[in-house]
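What follows is a short report on a single structure.
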Amino acid sequence: MAANKTLTMIKPDAVRNGHIGAILNQITEAGFQISAMKLTQLSLADAEAFYSVHKERPFFGELVEFMTSGPIVAAILEKDNAVEDFRTLIGSTNPAEAAEGTIRARFATSIGENAVHGSDSDENAQIEGDFHFAGREQF
Ligand code: ATP
Ligand code: MG
């Protein structure tokens, strides 16, 4: 059976702070395979579309501003139980509540600037993977 997929973004804070290599290393050490990857920068329209589920939330403007503030690394990751296992690996949204050793505990600076994104369902993993990558970029 094919492995499950999830979509991650290494967010602008972690890219700016030089953590791309350490985060990718933690991801691959945890057993995820990278099946698509790029360095890119979201436009305002991209970020608003990607996070449209949060458009009524008070932090939406801040979130869009942050996510467009610099380059990100987008990647599709494969592993059995990818969505749930990846959210365990990254830890809670708020790094102050993230379990020790998780990616957010190690690299996030605040609830807004929290180093990485992880899909929240198999359905959204597919939608988010297709948002970032053409078919010929997915291996
Ligand atoms: P992500 O979707 O980026 O993986 P998440 O699923 O842990 O994060 P969501 O509830 O989907 O959390 O929120 C999306 C993003 O919005 C968060 O990662 C964070 O960057 C930002 N965010 C969430 N809550 C707040 C808040 N209270 N204040 C500021 N920013 C927030
Ligand atoms: Mg989310």
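The values are calculated or read from the model by the stated rules, or taken from the named source; none is laboratory data. Just so it is clear, the structure is predicted and the values come from calculations on it, not from any experiment. Every residue, glycine among them, receives a Cβ derived from its backbone with ideal geometry; neighbour counts consider all protein chains shown. Surface areas here come from the heavy atoms of the whole protein model, side chains and all, with no ligands, DNA or RNA. Shrake-Rupley method; radii C 1.70, N 1.55, O 1.52, S 1.80 Å.
Residue 13 meets each of the listed conditions (1) among the charged types (D, E, K, R); (2) within 16 Å of residue 122 (Cα to Cα); (3) part of a helix (DSSP H, G or I) apart from (2). Counting only residues that are in contact (Cβ under 8 Å) with a residue 40 or more places away in the chain, of a type outside the set (Lys, Arg) and surrounded by fewer than 19 Cβ atoms within 10 Å (Cβ to Cβ), the range 3-23 holds 5 of them. If the condition is being open to solvent by 40 Å² or more (accessible area, probe 1.4 Å), under 22 Å from residue 5 (Cβ atoms) and not in a loop (DSSP other than H, G, I, E, B), then the range 93-119 contributes no residue at all. Summed over the range 54-92, residues that are assigned to a loop (DSSP other than H, G, I, E, B) and within 13 Å of ligand 1 (Cβ to nearest atom) total 9.
Yes or no, residue by residue, for (1) of a type in the set (D, E, K, R); (2) touching a residue at least 60 places away in the same chain (Cβ under 8 Å); (3) over 13 Å from residue 27 (Cβ atoms):
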| position | (1), (2), (3) |
| --- | --- |
| 61 | no, no, yes |
| 73 | no, yes, no |
| 94 | no, no, yes |
| 101 | no, no, yes |
| 110 | no, no, yes |
| 113 | yes, yes, yes |
| 121 | no, no, yes |
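Restrict the check to the range 31-43 and report whether at least one residue is farther than 22 Å from residue 137 by Cα and either crowded, with 19+ Cβ neighbours inside 10 Å or not polar (S, T, N, Q) (or both).
No, the conditions are met nowhere in the range 31-43.
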